[in-house]
Amino acid sequence: MAKPDFEPLIGGCGGVYFLAESGELVIEVVKRDRNARNTTSELRAILAGPDRRVLAEEFIPDDGAAVGSGLGPPATVTLRAQVDRPGIYALNITVSRDRYGQNMVWGFRTNCPRYLIETARGHRDERHQEPIVLESPDRPGVVCFHPRQGEFAVELSRLPVDAGPVELYAGDDTLMGTLTPDAEGNASVTISAGEHRDAIPWELRFPAMRATINADGLTRWGDAEPIYNACYWSPDPASWFAFIENRWLLTPYQRTVYGEPGTEGEIELQVQNNALAEREFALSLEFSDGEWPVEVSPERVTLDARGLTPVTVRFTVPEGEGPHLCHVRVTPADTPEVTTYSTLIARAGEAPATGLLDMPIELHPYEHENAQFGYLPDYPTQYQVYFGADNQPFMRTGGDITTWREGQWTPLGLQDAITSRPEAFEGSAVGLASTKIAFDRDGDIYLPATCAGRNALLHSQDGGRTFAAYELPGDRGGLDIEQFSGHNIPDGPPPLVRFRRTARDPNLRWRSLNDLELFVPRKVDGRIEIGRPILITRACIGLSAHSGIPSSVVSRGTKVHVAWGEATDPEVEVPGVPTYCVTYDRETGELGEPVLIGYGPPPNDVHNSPSITMDGEGFLHVLVGTHGRPFQYARSLQPNDAGAGWTEPVSAGEGLNMTYIGFVCGPDGTLHVVFRLWRSGEPFPNSTHATLAYQRKRPGQPWEEPRVLVRAAFSEYSVFYHRLTIDRSGRLFVSYDYWSTHWFYRNDHWGNRRAVIMSPDGGESWKLVETRDLAGGGA
């Protein structure tokens, strides 16, 4: 064994990267439960290859000992894989109901001599830190790491007081500092910038390996760090290899394509230089079961520091059902021993992604929509799609907008398209302030924006070929604009609301006070008159829009309807965030009295943003947002009027753990909602897991039971950053981006994971979206 001992035992979760040569790779994992909590601590170990195909998966169950019984006995599993070609392999470690790895310690031993640990827990809603926790007090040892270039501090805690000092050495064996524990077992040292930074790795040498390590650039990071949000280390200097500068060498790690034999195609991969100097890389092809027509171009690239570039892999699908594998290898010129590959997998026939799916989509570790269904979107997926008056698709792409025009996806070139702007905006770039895109009955396009520190509205009368920019008066804030949700088509410019934070609660993370202001612009002789902001409330709790992207405002004719949640006095007990709705009359300029719709538990939580839509008869429908509780639903008693009363709020599903509303109304008046729904049980019997769920309410009927659209690949916390939109014919589109709490899994993936599914029949069936699903109504 290259690493014959399991020690040091490690707290936290994360994993290990192995630079494996040909032959058998053997990894043994040990777990010992701390038994500090009454939870089931089942360790899940996944071994994935360079192309992230899962090669082995094992579980270590909870030891069953009583709470408070102390460190339990060691339990082990062995993962084996035949390494046919060298590359960077990944061992992923997670634990049920313990995303921070606090209720167990683990370790590993292996026959692979080159490896690097990445300590990576689940996320917290605070600054990201990954302290290294060592739990082998009976053994001396080292922690090797890559030092920050600038000044950095190292802080140690929980040191055995009688064991002696910890010494810090540069890679050339120069003593850089001595950390002598005080009476509480704490020690620290600060290292000046620039000294011995080329001597890698540095070593913390422990006389006894029990400690918690915090260090700048290693376990916590500033915004400009070359190594960011990733804690890399090793207990053996001989195991160190150039992983950091070669991370994400070639991505995506794997692509699956379908086609009839003889079909030609191409995919794009990305070569990345993660080092701080210019470097050269060679690309070559390898085959598992005989060659078939594949070429990569270019075969050699030179990249600047932190640079990346696409390479094209062209192929012809060979005869036979397959799968046919081609491995695209990348080798850095300066570190040729650190070589790895991505895999192209060709299968005969039509991709499952082109047809209706058996729902739900069951995500698996390292096996998402492409691996399972051959999903290769040929359209922008960064954000959700909206549809203009003629059903032409538009979506935000970075700081631009892209649409289908003349048979291809065409960026509008937003900055150059702005031909008119106020004097205050001259010389300043305009940025988009929302991912929403709005339209009026004439087909004009409206985009919330910012410029020169001010809020703005962009307006186009020619399909996005040119835009005029208009300033929104008053202090800058977050914007939401009325977007099409099924039956709301403004005759003129859509109304906007602005959330302007005035106070943040230092004791309640999700509570803040915001002025909620309404803008009702008018179109006069082809130009927009923004008008003054209309104050709705000074107690708005804000808007949670990263998932669900709820609608704050709908309108019909002269009536504009706004829904919002409010912050309350924390000392006063209330059942949740109170949700209100109010109607403004454009014609009279009158703002009605706000009406309380219901409460979304828990109180003072901005996650509980409501969403409003309307049906074809003009009745208003509001879902009261919640954070892990059933949504509450109410309907207005009169069409197009929030002030004439509402039905009593009813639960959308008793006992359901719901968060993040996406809400639209179909042509027949059916209400559709997509949200995150927590589930327990299979396929994660020892924990909870997140799903992306869909629910509907037909007119006059109760809410149906939710249906799962997508299930998370891992247990514990997940979010889908989902957005539900509807086109002018009533088809439903759900854009989602699965995000696991586990930093190790997320860090390993480079680029966009977002996918888009659609239902052509009001939620009965679903498929992954192709361009032909989007472009049918395009101009």
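Remark: the stretch 713-761 carries 24 Å² of accessible area per residue (probe radius 1.4 Å; ligands, DNA and RNA excluded). Between L518, P86, V311, the Cα set farthest toward the positive side of the dipole of the chain (charges on each charged residue's Cβ, about the Cα centre) is that of L518. With the charge dipole of the stretch 577-649 set up from +1 on Lys and Arg Cβ and -1 on Asp and Glu Cβ about the Cα centre, the Cα lying farthest toward the positive end among the listed residues V624, V582, H607 is that of H607. Residue separation of D668 and D334 scaled by 0.36 nm, minus their Cα-Cα distance, works out to 113.9 nm of gained length. What is the chain by shape, rounded, prolate or oblate, if you read a ≥ b ≥ c off the alpha carbon gyration tensor as root eigenvalues and call it rounded for a/c under 1.5, prolate for a/b larger than b/c, and oblate otherwise? Since a/c reaches 1.5 and a/b is larger than b/c, the shape of the chain is classed as prolate. Have a look at the DSSP beta bridges in the chain and tell me what percent are antiparallel, nearest 5. Just about 95 percent of them are antiparallel.
Stretched out straight at 0.36 nm per residue, the stretch from T502 to E278 would grow longer than its current Cα-Cα span by 75.9 nm.
Accessible area per residue for the stretch 1-145 is 36 Å², calculated with a 1.4 Å probe on protein heavy atoms, without ligands, DNA or RNA.
Using alpha-carbon positions, what is the distance between the centroids of the stretch 412-474 and the stretch 488-521, in Å? The distance from the Cα centre of the stretch 412-474 to that of the stretch 488-521 comes to 19 Å.
Extending 7 Å from Cα along the Cβ direction at T178 and again at E704 yields two label points whose distance is 7.4 nm.
From the helices alone, meaning DSSP H stretches of at least four residues, give me the mean residue ellipticity at 222 nm for the chain, per-run term -39500 (n - 2.57), in deg cm²/dmol to the nearest 500. Don't jump to the answer; show the numbers that get you there.
On the way: 4 runs with 20 residues, N = 779.
Rounded to the nearest 500, it is -500 deg cm²/dmol.
Need the C-alpha centroid separation for the stretch 141-171 versus the stretch 604-637, integer Å. Comparing the Cα centres of the stretch 141-171 and the stretch 604-637, I get a distance of 53 Å.
Given a 1.4 Å probe and the protein chains as shown, M1 ends up with an accessible area of around 110 Å².
So, counting K/R as plus one and D/E as minus one, what does the shell of residues with Cβ under 15 Å around R279 add up to? Please report the intermediate quantities before stating the final value.
Details: positive: R247, R300, R306; negative: E245, E278, E280, D304, D334, E337.
Residues close to R279 contribute a combined charge of -3.
Heavy-atom accessible surface of the stretch 311-395, averaged per residue, reaches 35 Å², computed with a 1.4 Å probe. Any chance you could check the Cα centroid distance between the stretch 1-33 and the stretch 543-598 for me, in angstrom? Between the Cα centres of the stretch 1-33 and the stretch 543-598 lies a distance of 54 Å.
The accessible area of E705, taken with all protein chains in place and a 1.4 Å probe, comes to roughly 140 Å². Remark: relative contact order (the stretch 274-421) = 15 percent; criterion is Cα-Cα distance under 8 angstrom and separation of 6 or more residues. Placing R0 at 22 angstrom, the Cβ-Cβ distance between L356 and N391 gives a FRET efficiency of 0.55 after rounding to 0.05. Taking a Cβ cut-off of under 9 Å around L19, the surrounding Lys, Arg, Asp and Glu residues balance to a net charge of -1, with basic ones at +1 and acidic ones at -1.
Please work out whether the stretch 217-359 counts as rounded, prolate or oblate from its C-alpha gyration tensor, where a ≥ b ≥ c are the square roots of the eigenvalues and a/c under 1.5 means rounded, while otherwise a/b larger than b/c means prolate and anything else oblate?
Working: a/c = 2.34, a/b = 1.85, b/c = 1.26.
Note, shape of the stretch 217-359 comes out prolate.
Our estimate of slack between D223 and A424, defined as 0.36 nm per intervening residue step minus the Cα-Cα distance, is 69.3 nm.
If you roll a 1.4 Å probe over the stretch 643-757 with all protein chains in place, what percent of the accessible area is carbon or sulfur? Can you show the working numbers first?
Values: 1750 of 3600 Å².
The computed percentage sits at 49.
On the beta carbon distance between D585 and R476, with R0 = 41 Å, the FRET formula returns roughly 0.90. Extending 7 Å from Cα along the Cβ direction at E57 and again at N752 yields two label points whose distance is 2.8 nm.
On the beta carbon distance between A199 and R139, with R0 = 30 Å, the FRET formula returns roughly 0.75.
Could you grab the relative contact order for the chain? Cα pairs under 8 Å, six or more apart, rounded to a whole percent.
Taking the mean separation of contacting Cα pairs over the length of the chain, I get 9 percent.
Taking the Cα centre of the stretch 263-416 as the origin and placing charges on Cβ (Lys, Arg +1; Asp, Glu -1), which of T263, P411, P352 is farthest toward the positive end of the dipole? The residue sitting farthest along the positive end of the dipole is P411. As a fraction of the 1.4 Å probe accessible area of the stretch 135-243, surface on carbon and sulfur atoms comes out at 45 percent. The apolar share of the surface of the stretch 443-522, taken as the fraction of accessible area on carbon and sulfur atoms (1.4 Å probe, ligands and nucleic acids excluded), comes to 43 percent. Is the shape of the stretch 515-614 rounded, prolate or oblate, going by the alpha carbon gyration tensor and its root eigenvalues a ≥ b ≥ c, with a/c under 1.5 for rounded and a/b larger than b/c for prolate? Since a/c reaches 1.5 and a/b is larger than b/c, the shape of the stretch 515-614 is classed as prolate.
The values are calculated or read from the model by the stated rules, or taken from the named source; none is laboratory data. If you're wondering where the values come from, they're calculated on a predicted model, not measured in any experiment. For neighbour counting, all protein chains shown are included, and Cβ atoms are generated from backbone atoms with ideal geometry for every residue, glycine included. Just so you know, the surface numbers come from the protein's heavy atoms only, side chains and all, with ligands and any DNA or RNA stripped out. Shrake-Rupley method; radii C 1.70, N 1.55, O 1.52, S 1.80 Å.
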